[in-house]
Amino acid sequence: MQVYLDNNRASLLDTQVFEAMQPICTTQYADPTARHSAAIAARAPLSQAYEKIRTSIHAKPEETIISGSSADALHCRLLIATYLGTIITGQKNQIILSASESDAIHETAAYIASQGCHVTILPLDSNGIVDLSLLKQVITPKTALVSLTMVDSQTGAIMPIDEVSQICAAHEVPLHSDITHAIGKLPVDMQMLGLDYLTLSTETVHGPSATAILAVKEGKIFPNLLLPSSNRADLVGLGKALELAVDAQAFEMEDVRELRDTLEEAIQEIPQNLVVTPWALRTPHTVMAGFKGVQNEALVWELNRHGISISAEKGCTLITNIGQERDYTHTLVSFALSRYTTEEEIAYTIEKLKEAVTLIREERIQ
């Protein structure tokens, strides 16, 4: 049996998304900016895609949607553009990020820090949630941007974006959030969350890979550095994927959660386990766990032998951030389900997981 539980990195392209993209490559291929009937036909699916994007995140028609190759790429461009703005105006010189951002974001932050911008990294608490008390201490009138992912891609931990938004609003500081791992799993409303900038990509919700958008709140400026780069077929696929993800949200929050909980209960039956972030503070499809004495790479390899795909995570950094037991360094793995995951797949995974942990521990003792 083949079981794919690495959906926080990439997911199966939905057949409905593929079907929506096909006409752009076969019959609606004309340049939509031209002035003929073929161009008019090509403009229609593009307009529909933008409408689906705005509807999925509750963006206003006046708010700008910029397409790009990935959410990380757009996020990095936003950080660099903000930094350049601090140079031009000379009024603000600080950017605040969380420890849960991706490696690409932290690498970009390190670069702009080397150029003189003050970059503050907010640590995570014992539950893997960003420390709001520290945010209140470090945010100042000199802060140019606060950027915080809505859901941690490794643990599934849900960040308190609404509270962060209130803090930012009180200091008149723009707020950006990457909602890639929240869309389709949790309600996402750009207006209610108080976001000035929002990024997302759809490769984790059965959409096309290497396709993302940045939504810019009405009235917020954005420089030419943030230019569109997605092709039309991918953008149409992105819109369809978001539409389907939002439609499936109730299923994710109930049926997928039930499967995730079944897996998690089995994990907790294995002696000397660690589950990161309480289930109530996580998205309904993710569980990160470690098993004392079981290297995560060994566990990934052993499960892979049985056709099960999971992800080995960077436990050393994560455990340091959230203050968990160091005995579990390099043991953490992440199981990320999807709406295509079945009961049979989870039962099979539980069986092989228990066998794998026992085998690796026995081999370690010998």
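Can you spot a residue in region 137-149 that is in contact with an Asp or Glu (Cβ under 9 Å, 6 or more places away or on another chain), under 28 Å from Ser201 (Cα atoms) and in contact (Cβ under 8 Å) with a residue 60 or more places away in the chain? Looking through region 137-149, at least one residue is in contact with an Asp or Glu (Cβ under 9 Å, 6 or more places away or on another chain), under 28 Å from Ser201 (Cα atoms) and in contact (Cβ under 8 Å) with a residue 60 or more places away in the chain. Just one of the numbered conditions (1) in contact (Cβ under 8 Å) with a residue 40 or more places away in the chain; (2) of a type in the set (Val, Ile, Thr); (3) out of contact with any Ser or Thr (no Cβ under 9 Å at 6 or more places or on another chain); (4) not assigned by TED's automatic domain parsing to the domain that holds Lys314 is not true of Ile221: (1). One residue is enough: does region 324-334 have a residue meeting the conditions out of contact with any Gly (no Cβ under 7 Å at 6 or more places or on another chain), modelled with pLDDT of 95 or more and more than 27 Å from Leu186 (Cβ to Cβ)? No, there is no match, as no residue in region 324-334 is out of contact with any Gly (no Cβ under 7 Å at 6 or more places or on another chain), modelled with pLDDT of 95 or more and more than 27 Å from Leu186 (Cβ to Cβ).
One residue alone among Ala30, Ala39, Ala49 is over 24 Å from the mean Cα position of the chain (by Cα), part of a helix (DSSP H, G or I) and either surrounded by fewer than 21 Cβ atoms within 10 Å (Cβ to Cβ) or touching a residue at least 12 places away in the same chain (Cβ under 8 Å) (or both), and that residue is Ala39.
Just one of (1) over 30 Å from Ser334 (Cα atoms); (2) polar (S, T, N, Q); (3) part of a helix (DSSP H, G or I) fails for Thr108. It is (1). Within region 59-72, if we keep just the residues that are in a loop (DSSP other than H, G, I, E, B) and among the polar types (S, T, N, Q), the residue that is modelled with the highest pLDDT turns out to be Ser70.
Among helices (runs of 4 or more DSSP H) entirely within region 116-226, having at least 1 residues that are buried (at least 24 other Cβ atoms within 10 Å of the Cβ) singles out 161-170. Set side by side, the residues Ala34, Ala109, Ala38 differ, and just one is under 23 Å from Leu214 (Cα atoms) and at pLDDT below 95, which is Ala109. When the residues of region 276-323 are filtered to those that are among the hydroxyl-bearing types (Ser, Thr, Tyr) and surrounded by fewer than 21 Cβ atoms within 10 Å (Cβ to Cβ), the one that is modelled with the highest pLDDT is Ser309. Pairing residues of region 341-366 that are free of Cβ contacts under 8 Å to residues at least 24 places away in the same chain with residues that are exposed (fewer than 15 other Cβ atoms within 10 Å of the Cβ) and part of a helix (DSSP H, G or I), at Cβ distances under 6 Å and at least 6 apart in sequence or on separate chains, gives no pairs at all. Among residues of region 282-307 that are assigned by TED's automatic domain parsing to the domain that holds Thr358 and closer than 27 Å to Ala182 by Cα, those with a beta-carbon under 6 Å from a residue that is in a helix (DSSP H, G or I) and among the acidic types (Asp, Glu) at least six positions away or on a different chain give the pairs Pro284/Glu252; Val287/Glu264. Ser56: modelled with pLDDT of 85 or more, over 28 Å from Ser133 (Cα atoms), small (Gly, Ala, Ser) and part of a helix (DSSP H, G or I), yes or no? In short, yes. Just one of the listed residues (Thr27, Thr82, Thr55) is under 30 Å from Ile121 (Cβ atoms) and of a type in the set (Val, Ile, Thr), and it is Thr82.
The values are calculated or read from the model by the stated rules, or taken from the named source; none is laboratory data. Since the model is a prediction, treat every value here as computed from it, not as a measurement. Cβ: placed from backbone, ideal geometry, glycine included. Neighbour counts: every protein chain shown.
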